[in-house]
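K.L.:
Dropping a structure here in structure tokens format, bear with me for questions.
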Amino acid sequence: MSFLRVLFSWAVSLVKRRPARLVGAMIGISLALALLACLGSFIDSSVRTMTNRSVANLPIDWQIQLNSGTDEEAVRTAVRQLDPSAALETVGYADVPSLEAKTGETVQMTGAAVVLGLSHQYNKTFPQEVAPMLGADHGVFAAQQTAANLHISVGDTVTIERAGGLPAVEVTINGIISLPGASTILQRIPVGANPGAPSDNVLVLPIEVWRYLFSQQLEAQPDSAHFQVHVHTTPNNLPATPDEAYAWELQRAHHLELSTAGHGVLADNFATRLASVRGDALYAKVLFLFLGLPGLTVATLLTLGIAGSGAVRRRQQQALLRTRGASVGMVLNLASAEAVLVGLGGGLLGAALALIVSRVFKAALGIPLTGMIGWLSIAFCAGLFLALTAVLLPAWHEARRSTITATRTLWFISAKPLWRRVWLDVVLLAVAAIDLWWMASTGYQLVLAPEGVSSVSVHYEAFAGPFCLWIGTMLLTLRIFGFMLERGLPLVAKIRLPPFAGKLSRIIAASLARQRRALSRAMALVALAVSFAVSTAIFNAT
Amino acid sequence: MNELLVSLDNVSHYYRHGQVETAALDNVSCQIMANARVAVVGPSGSGKSTLLHLVAGLDRPTSGVIRWPALGSETELRPDQIGLVFQMPSLLPALTVLENVELCWLLSKKHEAGAHAAALEVLEKLGLSAIVDKLPGELSGGQMQRVAAARAVVCRPRLILADEATGQLDSATAKRLIEVLLDSAANSGAALVVATHDLDVANRMTTQWRLVHGRLE
């Protein structure tokens, strides 16, 4: 009980006597924590909402091209068994040799054209496919480009040359439409077979008219006309993450293919969209690695620097405590009082900061409050761990290794650390150079754009280069500045180069040389921040 | 030559802790002449350190006037005019013994070239030649106090102030330190003012000022 009182008094005393140092460390921790929580939550929520957002505006989820003579109802039943709420529309497709129109004294003729047969409900079920521009809501429509090619407008007559040697038919145009989803509605199935741009010459007929005009063509030349069932699904159980959603969709499509085997061929636009979202999610993770992680590392190192800046005062206080008979455990408990105080304070401040940022930039970040809780907890624990590491580890080390007298003394340690003796900086830079050369020689690019379609290709071994470059640069900076301060400064002082110190240059040089470790660390931190910035800039540029 | 170095006229100094105001010096008037040997004695908390700090220009009085007729204005006071030895040695931890002493010379208006020789000379007088390259963290308490004394006298100041400089030393070391201060003052014609509890040290001075509750008796 009495020890608890001592612990409490110690904590109160710290707050009263060292508020600036405590607040500084708390702010450092809170910034690192807020950065981690915001970044983590943002990436997490982006990846989760990415799935729903991407499939929400999908024009047609499934297109099932029916084989010739297939019972359409069997396919509809199979779809409804899989998704009872699915909306379905049957669409007729007819390839015709040409369209022809006579305006005044001139006759215009197109090349090969497509005549679609849509129900009057189609536009309500798939609103992104057909957009009326001019004329009636129902009837025969010409696509905008087709109307331009044929010089026709509402009320004009178009002659459709039918395939299979059938006589041409004439239709009167009731309206002009655009086809914003032409790449979907006019895509060739199976997807990937005969790829090419969708036809510019498109007429749309009511499905009843289409059936009347093209049933003969369907019989005479089956490969020139077919039906498709377009499906808009209601994926209630769609998993949130792109990977899981993609796997879920593949399974669903596989079930449909099994149940419609022999009846038709499926074009799974839903799975195609999810596959591209997987790439986007991967890209988001890469962004986090290249943009978030470096920032987080610098913030963490800065926090450790701030928290560790009171190390000398702490060492001497701990030595005094040990002189007065405090055990190692007691010293560590008192040290942990400061660490917990800083960790908790920094944690609460950081959580508040992260919440404020997420609310202020709600529209841009789109982080839900519930989505932040997990990351805030992780960041809070990380902040506490950071504070404990910065304060407790040196205290434990001193208490275990050093005598009280040595702890009370302020030493300027001159022993070379292990990494300097084994030239770890040079080794890491060599590894970085080899990795970067290897990646360059294999022509690796993070974002590929075959035929204009960008996709992400991540080789995680490619990250080894920048990683080794960062660490190697930091260590090399430590070595170079350490050497310069140790050997170079006294030399510079002798030739009186420093213009500001005047006759004190020799003394100042000696003092700086003895404090080279702390100075080099600060310089290395700056070098690390610069190397992060360079890597990020290269990443952004490429 | 009986030159006036410092004069204090009705000087008072108060320390404020929240609402409580404590008088450290109360209406003190005195003068320090060249070649003076003054011991400031009195119980703990009587204002000895405050008096020395005001004389050195380290602090400003709450009321009253302090003048340094032979030394210049408060802002012109330099180590070559006033040398200080504190109760705690207060050496710069990143500088060696020699550099700590040299620094004092380099901060004064004296020429840089003489710094090294002057520092070595005074360190030798104090028996510290063997430790000139050591850092303060490697010294004993007595050694540090002697380095602090060397730092105070290296510039041959006109006024030497020692605030309980022998308080933490054994009697032999304390005696040696006082001898060095007296010799240095005699050689440079400086005044020496020592705040002390030690009667032996006080008796080595020609004048004793007794402070009780901030008043000179």
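K.L.:
Just one of B:Leu98, B:Leu71 is in contact with a helix residue (DSSP H, G or I) (Cβ under 6 Å, 6 or more places away or on another chain) and not β-branched (Val, Ile, Thr); which is it?
P.N.:
B:Leu98
K.L.:
May I pose another question? Being under 20 Å from A:Ser505 (Cβ atoms) and either part of a strand (DSSP E or B) or away from every other protein chain (no Cβ under 14 Å) (or both) narrows it down to one residue among B:Ala23, B:Ala117; which is it?
P.N.:
Only one candidate qualifies: B:Ala117.
K.L.:
Can you confirm whether B:Arg60 is open to solvent by 40 Å² or more (accessible area, probe 1.4 Å) and touching a Ser or Thr at 6+ places or on another chain (Cβ under 9 Å)?
P.N.:
Against the criterion (open to solvent by 40 Å² or more (accessible area, probe 1.4 Å) and touching a Ser or Thr at 6+ places or on another chain (Cβ under 9 Å)), B:Arg60 does not qualify.
K.L.:
Looking only at residues that are in a helix (DSSP H, G or I) and modelled with pLDDT under 90 in segment B:63-98, which one is most open to solvent (accessible area, probe 1.4 Å)?
P.N.:
Ranking the candidates gives B:Thr75 first.
K.L.:
Any idea which of (1) outside any helix (DSSP H, G or I); (2) touching a residue at least 12 places away in the same chain (Cβ under 8 Å) is the one A:Pro167 doesn't satisfy?
P.N.:
(2)
K.L.:
Do the conditions hold for A:Val114, that is, is it exposed (fewer than 15 other Cβ atoms within 10 Å of the Cβ) and in a strand (DSSP E or B)?
P.N.:
No: the conditions fail for A:Val114.
K.L.:
Can A:Leu33 be described as touching a residue at least 60 places away in the same chain (Cβ under 8 Å), open to solvent by less than 20 Å² (accessible area, probe 1.4 Å), out of contact with any strand residue (DSSP E or B) (no Cβ under 7 Å at 6 or more places or on another chain) and not in a helix (DSSP H, G or I)?
P.N.:
For A:Leu33, the condition - touching a residue at least 60 places away in the same chain (Cβ under 8 Å), open to solvent by less than 20 Å² (accessible area, probe 1.4 Å), out of contact with any strand residue (DSSP E or B) (no Cβ under 7 Å at 6 or more places or on another chain) and not in a helix (DSSP H, G or I) - is not met.
K.L.:
When you look at A:Ala352, is it open to solvent by 40 Å² or more (accessible area, probe 1.4 Å) and modelled with pLDDT of 85 or more, yes or no?
P.N.:
When the stated conditions are applied, A:Ala352 passes them.
K.L.:
If I ask for residues that are in contact with a strand residue (DSSP E or B) (Cβ under 8 Å, 6 or more places away or on another chain), open to solvent by less than 30 Å² (accessible area, probe 1.4 Å) and within 16 Å of B:Ser49 (Cβ to Cβ), which ones from segment B:160-201 would you list?
P.N.:
Within segment B:160-201, B:Ile160, B:Leu161, B:Ala162, B:Asp163, B:Glu164, B:Ala165, B:Val193, B:Val194, B:Ala195, B:Thr196, B:Val201 meet the criteria.
K.L.:
If a residue has to be touching a strand residue (DSSP E or B) at 6+ places or on another chain (Cβ under 9 Å) and free of Cβ contacts under 8 Å to residues at least 12 places away in the same chain to count, how many in segment B:16-39 make the cut?
P.N.:
Qualifying residue count, segment B:16-39: 3.
K.L.:
Just to be sure, is A:Gln217 touching a helix residue (DSSP H, G or I) at 6+ places or on another chain (Cβ under 9 Å), surrounded by fewer than 22 Cβ atoms within 10 Å (Cβ to Cβ), part of a helix (DSSP H, G or I) and of a type outside the set (Asp, Glu)?
P.N.:
Yes: the conditions hold for A:Gln217.
K.L.:
Taking segment B:115-138, which residues are open to solvent by 60 Å² or more (accessible area, probe 1.4 Å) and not acidic (Asp, Glu)?
P.N.:
B:His116, B:Ala117, B:Leu120, B:Lys125, B:Ser129, B:Ala130, B:Lys134
K.L.:
Turning to a different aspect of this structure: Quick one: which of A:Ala253, A:Ala267, A:Ala225, A:Ala245 is open to solvent by less than 60 Å² (accessible area, probe 1.4 Å) and within 24 Å of the chain's Cα centre (by Cα)?
P.N.:
Checking each option against the conditions leaves just A:Ala245.
Rundown of residues vs (1) within 20 Å of A:Met133 (Cα to Cα); (2) open to solvent by less than 30 Å² (accessible area, probe 1.4 Å), yes/no style:
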residue: A:Gln145; (1), (2): yes, no
residue: A:Leu150; (1), (2): yes, yes
residue: A:Val154; (1), (2): yes, no
residue: A:Thr157; (1), (2): yes, no
residue: A:Ala163; (1), (2): no, yes
residue: A:Val169; (1), (2): no, yes
residue: A:Gly181; (1), (2): yes, yes
residue: A:Thr184; (1), (2): yes, yes
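K.L.:
Condition check: touching a Ser or Thr at 6+ places or on another chain (Cβ under 7 Å) and within 10 Å of chain A (Cβ to nearest Cβ). Does B:Leu95 satisfy that?
P.N.:
When the stated conditions are applied, B:Leu95 passes them.
K.L.:
If A:Val456 passes every condition in (1) open to solvent by 30 Å² or more (accessible area, probe 1.4 Å); (2) modelled with pLDDT of 75 or more but one, which one does it miss?
P.N.:
Here A:Val456 clears every test but (2).
K.L.:
Within segment A:35-43, identify whether any single residue is under 30 Å from A:Met372 (Cα atoms) and of a type in the set (Phe, Trp, Tyr), and answer yes or no.
P.N.:
Within segment A:35-43, one or more residues are under 30 Å from A:Met372 (Cα atoms) and of a type in the set (Phe, Trp, Tyr).
K.L.:
Identify all residues within segment A:379-429 that are open to solvent by less than 50 Å² (accessible area, probe 1.4 Å), at pLDDT below 80 and of a type in the set (D, E, K, R); write none if there are none.
P.N.:
Hit for segment A:379-429 is A:Glu398, nothing else.
K.L.:
Just checking, how many residues over segment A:480-507 are crowded, with 19+ Cβ neighbours inside 10 Å and modelled with pLDDT of 70 or more?
P.N.:
6
K.L.:
Considering A:Val328, A:Val342, A:Val312, A:Val357, which residue is at pLDDT 80 or above and open to solvent by 30 Å² or more (accessible area, probe 1.4 Å)?
P.N.:
A:Val357
K.L.:
Find all pairs meeting these conditions: Cβ atoms under 8 angstrom apart; at least six residues apart or on different chains; first residue within segment A:513-524 and closer than 16 Å to A:Leu302 by Cα and within 14 Å of chain B (Cβ to nearest Cβ); second residue assigned to a helix (DSSP H, G or I) and not polar (S, T, N, Q).
P.N.:
So the pair list comes out as A:Arg517/A:Gly482; A:Leu519/A:Phe481; A:Leu519/A:Leu485; A:Leu519/A:Leu512.
K.L.:
So, A:Leu99, is that one in contact (Cβ under 8 Å) with a residue 60 or more places away in the chain, surrounded by 17 or more Cβ atoms within 10 Å (Cβ to Cβ) and not in a helix (DSSP H, G or I) or not?
P.N.:
For A:Leu99, the condition - in contact (Cβ under 8 Å) with a residue 60 or more places away in the chain, surrounded by 17 or more Cβ atoms within 10 Å (Cβ to Cβ) and not in a helix (DSSP H, G or I) - is met.
K.L.:
Kindly establish whether B:Val101 is under 18 Å from the mean Cα position of the chain (by Cα) and either crowded, with 21+ Cβ neighbours inside 10 Å or more than 14 Å from chain A (Cβ to nearest Cβ) (or both).
P.N.:
Against the criterion (under 18 Å from the mean Cα position of the chain (by Cα) and either crowded, with 21+ Cβ neighbours inside 10 Å or more than 14 Å from chain A (Cβ to nearest Cβ) (or both)), B:Val101 qualifies.
K.L.:
Ok, one more. For segment A:117-137, give me the residue count where each residue is charged (D, E, K, R) and either modelled with pLDDT under 85 or assigned to a loop (DSSP other than H, G, I, E, B) (or both).
P.N.:
Result for segment A:117-137: 2.
K.L.:
May I pose another question? Within segment A:64-90, how many residues turn out to be part of a strand (DSSP E or B), buried (at least 18 other Cβ atoms within 10 Å of the Cβ) and touching a helix residue (DSSP H, G or I) at 6+ places or on another chain (Cβ under 7 Å)?
P.N.:
Within segment A:64-90, residues that are part of a strand (DSSP E or B), buried (at least 18 other Cβ atoms within 10 Å of the Cβ) and touching a helix residue (DSSP H, G or I) at 6+ places or on another chain (Cβ under 7 Å) number 5.
The values are calculated or read from the model by the stated rules, or taken from the named source; none is laboratory data. Note that this is a predicted model, so its numbers are computed, not measured. Here the Cβ is made from the backbone with ideal geometry for all residues, glycine too, and neighbour counts use every protein chain on show. Each accessible area value is taken on the protein alone, full model and side chains, heavy atoms only, with ligands, DNA and RNA left out. Shrake-Rupley method; radii C 1.70, N 1.55, O 1.52, S 1.80 Å.
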